[in-house]
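> Starting off with a structure, shown below.
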Amino acid sequence: MSATHAATQALTQFVPLAADFDKNKVTPGVLGFLVFAALAVGVWMLMKSMNRHMGRVNFEEAPDPAEAKSAAAPAAAPGADPKRS
C-alpha cells in the first residue's frame, strides 16, 4: 500500500464526519480555552515584568533650554522695560 493510497483512504474516512458538523454548534472547546488562558497569563507576566523594569528606571529630565536662558539672565529692575535692555 503506497503512502498516497493510505492518505486517500484516511481522508475518505473523515469526510463523513465533516458532513455531520453544524457550523452553529462548533465551539473552540477546551483546547481553545487553554490557548487563550496561556496567552492571557503570558501577557499578565509581561506587563508585571515591564512595570518592575520601569520602576527601576532613574530618569532625570534635561532642563528646557528656554528656561535655562531665562534663569541665567539677570532680573530686570522693577518698572524697567525688558524690551529696551
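> If each of Lys23 and Ala37 carries a label point 7 Å out from its Cα toward its Cβ, how far apart are those two points in nm?
Distance between label points: 3.0 nm.
> Another one. Ordered by packing density, taken as the mean number of other Cβ atoms within 10 Å over each peptide's residues, highest first, how do 61-70, 34-43 rank?
Working: 61-70: 8.5, 34-43: 10.3.
Output ranking for 61-70, 34-43: 34-43, 61-70.
Read-outs throughout are calculated quantities, based only on the coordinates presented, and are distinct from any laboratory measurement. This one's a predicted model, so the numbers in the text were calculated from it and none came from an experiment. FYI the Cβ positions are ideal-geometry reconstructions off the backbone, even for glycines, and counts take in every protein chain you see.
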